[in-house]
Amino acid sequence: MKVLDHNELFKHPEYIEQFENKKKFEDMASSEKVKEVAEWTKTEEYKELNFARKHVKINPVKACQPLGALLCAGGFEATLPFVQGAQGCAAYFRSHLARHFKEPSTAVSTSMTEDAAVFGGMNNMLEGLENAYTLYKPEMFAVFTTCMAEVIGDDLGAYVRSARGKGAIPDDLPVPFAHTPSFVGSHVTGYDNMMKSILSTLTEGKKGEPNGKLNVIMGFDTYTGNYREMKRILDIMGVKHTILANISDTYDSPNTGKYKMYPGGTPLADAADSANAIGTVALQKSSTHKTIEFIKSEWVQKTATVIPIGIRNTDKFFDEVSKITGKSIPKEIEDERGRAVDAMIDSHPYVHGKRFALTGDPDLLLGLISFVMEMGGYPTHIICTNGDKKFKEEAQELLSESPFGIHGQVYTNKDMWHLRSLMFTDPVDLLIGNSYAKFLWRDVGTPLVRIGFPLFDRHHLHRYPIIGYQGVLNLVNWIVNTVLDELDRESMYTSSFDVIR
Amino acid sequence: MHITTDFQEKDIVYGGDKHLDAAMRELKGLFPLANGIGVLSECPVGLIGDDIEAVSRNVSKDLEIPVVPVRCEGFRGVSQSLGHHIANDTIRDYVLGKGGKLDESTPYDVNLVGDYNIGGDGWSSRKILEEMGLRVIAQWTGDASVNEMKIASKAKLNLIHCYRSMNYICRHMEEEYGIPWHEFNFFGPTKIYESIRKIAELFDEKIQENAEKVIEKYKPMMDAVIEEYRPRLEGKTVLLFVGGLRPRHTVGAYEDLGMEVVGTGYEFGHNDDYKRTYPVMPEGAIVMDDATSYELEEFTYRLRPDMIGSGIKEKYNYHKMGVPFRQMHSWDYSGPYHGFDGFPVFARDMDMTVNSPTWDLIRRKR
């Protein structure tokens with residue numbers, strides 16, 4: 001039986017007629033007028049108006065602090081993310097992550113309502129901790145806040161002490177907490193705040209003999225493939241390591257027919273021992289500022305921050321790891337490098353000279369700008385809603401280091417509606433962004449390579465690494481094959497439609 | 001589209017009213033064809049005491065479009081249900097009956113209320129009403145327009161699908177404009193036939209004749225769907241945990257396919273929802289209120305349903321448990337499920353959920 005769902009059903013004449021008839025009740029602008037205004041939105045004049053706005057964001061490329069805190073919390077063994085605030089926020093974080101990973105996303109909320117607004121959220125927290133501990137028996141609570149708890153000024157430290165005093169939770173149960181108001185920073189800030197709190201809580205009094213291991217902080221990284229790749233390459237190098245906030249099993253667990261609430265994460269003992277590592281490598285800056293500062297000052301460790309996206313960046317990563325651990329880079333890794341470079345050389349004619357619009361988180365963008373220039377592409381419009389001044393300077397410096405950076409303009413605190421204006425007035429060949437960028441693809445017609453977060457409308461991309469030399473292969477694959485798909489579509493009925501590319 | 005004032009710390013400290021005012025003026029400049037603006041407040045706005053009503057009033061006056069302040073801070077009430085009520089009330093206060101363009105009135109003018117047009121549900125429902133000879137002058141709130149919400153007060157009857165979220169506006173229109181309201185159910189042929197006939201009873205013979213013709217027209221198609229899918233679904237059991245009207249309204253559609261709903265529950269139901277639910281449930285079925293994920297799991301272990309219908313936050317937990325699952329909020333990005341055109345899609349989707357060979361791969365063959 002041929003079943004028509006919404007994808008086809010509403011193209012049928014009876015529905016077209018229905019929509020047409022409905023218009024007389026809608027009293028909307030005429031379709032000519034709509035078309036006229038739509039055309040106007042593509043102009044230089046509209047761009048100026050668009051860039052002059054100061055008070056409203058339209059399709060911003062950022063989420064809020066507690067979302068980042070939840071991702072971080074989920075990366076620790078048997079840890080229950082605990083949201084102090086109103087319930088709808090927790091539902092949003094969980095839905096957002098579930099849609100991206102296509103995995104369960106666990107969190108509890110204290111479901112604060114009007115009475116908490118008046119009397120504060122202490123009772124919510126005490127009862128919440130007690131209930132959640134009784135039901136879900138976590139080995140750690142990671143507490144973070146929503147706007148509500150922040151605006152009313154909930155004193156998390158006092159509440160946790162009170163919960164212990166009243167016997168709601170065991171004395172020795174770690175309960176790190178982070179203040180994560182959504183009206184400050186973005187998800188990367190929240191990740192940083194939660195990580196710092198978890199590490200400082202777990203490592204308190206644990207400083208002892210060096211354990212010879214390397215800490216790797218992934219940052220707000222939503223590619224489960226990256227975590228597995230990191231483990232693989234460090235194993236090949238013979239570097240004993242602890243991946244901090246290891247979400248790879250939490251957000252990519254095997255289907256065994258049994259639901260496990262805590263399917264993985266960095267073991268708490270390993271996290272506690274991270275203070276005794278020989279050094280810490282962070283793969284992002286924006287999501288690790290405070291954590292790295294803490295590690296430097298409290299643990300007095302060697303630290304390095306390097307984003308291993310692209311060849312040169314990955315080279316740098318291995319150099320840093322080598323420097324900290326004293327391990328040499330094995331041939332197996334060198335061979336992987338050679339294969340990745342080979343792939344880039346093979347594909348370069350289809351990327352060289354192409355102009356790119358890029359949008360996403362600060363560190364991802366720094367990695368991608370570097371990679372695109374390595375392929376001979378021109379990063380052109382770079383939109384980073386949650387990028388700060390430092391990011392902007394760094395991105396500009398990066399662009400200035402290569403002849404392929406000459407067209408690059410970096411915009412922070414701007415959004416996808418700004419990008420839309422840029423793409424109409426100064427068109428590019430390719431767009432890199434998350435699933436929401438598909439609206440730009442639809443409006444402007446520029447082919448989209450989906451890299452970033454969230455990825456809702458394509459399955460499984462997050463399972464593939466984008467870091468390291470293996471990550472380079474995936475990036476080359478997605479970018480060059482997007483170009484080739486587009487080339488086929490464009491040349492479909494010409495003599496240029498060819499079987500070999 | 002996501003449009004936000006993107007509150008920062010300084011807005012919390014100094015208040016966000018000026019910011020909101022300026023934001024709306026910028027928006028009207030960028031989107032000159034907008035027929036209205038809805039302002040939806042989040043927690044901080046309510047907590048710091050911003051006066052979004054005053055700002056909206058001023059902006060509305062200057063821009064000459066309705067600006068509707070919706071006080072829907074997350075901390076208000078225990079669930080999204082209060083948000084529905086608040087939204088109903090604000091539309092009542094700011095939009096309904098405030099002008100609007102309707103060239104003529106007919107005795108057959110109705111509003112289609114409480115249909116959110118998930119996967120085109122509103123359109124497949126509207127189609128039936130129009131084929132019956134009724135004239136849908138306003139569709140709320142899936143695919144609604146400002147004008148439709150204004151002129152809704154001129155209808156002769158409110159036909160309401162999701163009672164939970166929109167009974168408030170129907171009751172108001174009854175009191176204020178004398179418009180009666182009638183609940184119906186367009187899930188699955190049995191309920192659709194029943195609903196069509198009951199709706200027709202409220203009109204004249206012409207409509208009643210049309211109603212029979214409509215049923216006659218679609219019955220063969222509905223029978224064919226049942227013939228195709230029922231053999232594969234007969235006797236399969238379903239556990240539902242959703243919101244609004246679905247915990248009860250979908251029961252008949254499952255039964256049309258030979259399936260049995262052994263348990264159902266509401267995320268944000270009220271007493272009147274449960275009164276409407278018990279009569280449609282089979283003997284011995286479980287009814288849950290605001291179940292936690294812990295409780296839902298326990299019910300699943302005990303009831304051992306052949307499939308579960310719930311939301312995105314539950315979906316992957318049940319995938320891991322190997323329990324066939326369908327999102328019954330978003331129709332899992334499928335739909336429509338309402339109306340005659342929706343039933344084949346519903347049947348196909350339940351079949352692929354229960355009978356996917358992937359579930360059998362979880363365990364090795366012995």
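Brief remarks on what is shown
- The helices (runs of 4 or more DSSP H) falling completely within segment B:1-69 that include 1 or more residues that are touching a residue at least 40 places away in the same chain (Cβ under 8 Å) map to B:17-30.
- Subset of segment A:302-324 [in contact (Cβ under 8 Å) with a residue 60 or more places away in the chain and more than 16 Å from A:Gly468 (Cβ to Cβ)]: A:Ile324
- Just one of the listed residues (A:Ala63, A:Ala69, A:Ala90) is buried (at least 20 other Cβ atoms within 10 Å of the Cβ) and not in a helix (DSSP H, G or I), namely A:Ala63.
- Candidates B:Val55, B:Val45, filtered to the one that is modelled with pLDDT of 95 or more, more than 7 Å from chain A (Cβ to nearest Cβ) and closer than 30 Å to A:Ser435 by Cα: B:Val45
- Helices (runs of 4 or more DSSP H) enclosed by segment B:239-343 - at least 3 residues per element that are of a type in the set (Ser, Thr, Tyr): B:293-303
- If you go through segment A:362-394 and pick out every residue that is in a strand (DSSP E or B) and out of contact with any His (no Cβ under 8 Å at 6 or more places or on another chain), you end up with 3.
- Considering residues of segment B:129-157 that are closer than 14 Å to B:Asn117 by Cβ and away from chain A (no Cβ under 11 Å) only, the residue surrounded by the most Cβ atoms within 10 Å (Cβ to Cβ): B:Trp140
- Tally of residues being assigned to a helix (DSSP H, G or I), hydrophobic (A, V, I, L, M, F, W, C) and either in contact with a strand residue (DSSP E or B) (Cβ under 8 Å, 6 or more places away or on another chain) or buried (at least 22 other Cβ atoms within 10 Å of the Cβ) (or both) across segment A:206-239: 3
- Matching residues, segment A:311-361, being in a helix (DSSP H, G or I), touching a Pro at 6+ places or on another chain (Cβ under 7 Å) and within 30 Å of A:Thr446 (Cβ to Cβ): A:Thr314
- Filter result for B:Pro305 (closer than 26 Å to B:Ser79 by Cβ, in contact with a Ser or Thr (Cβ under 6 Å, 6 or more places away or on another chain) and more than 11 Å from chain A (Cβ to nearest Cβ)): yes
- Taking first residues from segment B:205-226 that are of a type in the set (Gly, Ala, Ser) and partners that are assigned to a helix (DSSP H, G or I), the Cβ contacts under 7 Å between residues at least 6 apart in sequence or on separate chains come to B:Ala211/B:Ile196; B:Ala211/B:Arg197; B:Ala211/B:Ala200.
Per-residue answers, yes or no, for (1) outside any helix (DSSP H, G or I); (2) in the same structural domain as B:Met328 (by TED's automatic domain parsing); (3) under 20 Å from B:Asp93 (Cα atoms); (4) among the hydrophobic types (A, V, I, L, M, F, W, C):
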residue: B:Glu104; (1), (2), (3), (4): yes, no, no, no
residue: B:Gly120; (1), (2), (3), (4): no, no, no, no
residue: B:Gly133; (1), (2), (3), (4): yes, no, no, no
residue: B:Gln139; (1), (2), (3), (4): yes, no, yes, no
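- Members of segment A:133-170 that are among the small types (Gly, Ala, Ser) and either under 30 Å from B:Gln8 (Cβ atoms) or within 28 Å of the chain's Cα centre (by Cα) (or both): A:Ala142, A:Ala149, A:Gly153, A:Gly157, A:Ala158
- In segment B:143-179, of all residues being assigned to a loop (DSSP other than H, G, I, E, B) and without any contact (Cβ under 8 Å) to a residue 24 or more places away in the chain, the one that is nearest to B:Ala87 (Cα to Cα) corresponds to B:Ala144.
- Top-ranked residue in segment A:406-429 [being outside any loop (DSSP other than H, G, I, E, B) and over 24 Å from the mean Cα position of the chain (by Cα); ranked as surrounded by the fewest Cβ atoms within 10 Å (Cβ to Cβ)]: A:Thr425
- Verdict on A:Ile243 being outside any strand (DSSP E or B) and in contact with a helix residue (DSSP H, G or I) (Cβ under 9 Å, 6 or more places away or on another chain): no
- Looking only at residues of segment A:247-269 that are of a type in the set (Gly, Ala, Ser) and touching a Lys or Arg at 6+ places or on another chain (Cβ under 9 Å), we find that the one that is surrounded by the fewest Cβ atoms within 10 Å (Cβ to Cβ) is A:Gly257.
- The residues in segment B:47-68 that are over 15 Å from B:His19 (Cα atoms) and not basic (Lys, Arg) can be counted, and the count is 9.
- Test for A:Thr242: is it under 24 Å from A:Leu70 (Cβ atoms) and crowded, with 24+ Cβ neighbours inside 10 Å: no
- Only residues that are within 20 Å of A:Lys23 (Cα to Cα) and hydroxyl-bearing (Ser, Thr, Tyr) were counted across segment B:149-171, and they come to 1.
- For segment A:439-473, the tally of residues that are within 14 Å of chain B (Cβ to nearest Cβ), part of a loop (DSSP other than H, G, I, E, B) and touching a His at 6+ places or on another chain (Cβ under 7 Å) stands at 2.
The values are calculated or read from the model by the stated rules, or taken from the named source; none is laboratory data. The shown structure was predicted, so the numbers you read here are calculated from the model rather than taken from an experiment. FYI the Cβ positions are ideal-geometry reconstructions off the backbone, even for glycines, and counts take in every protein chain you see.
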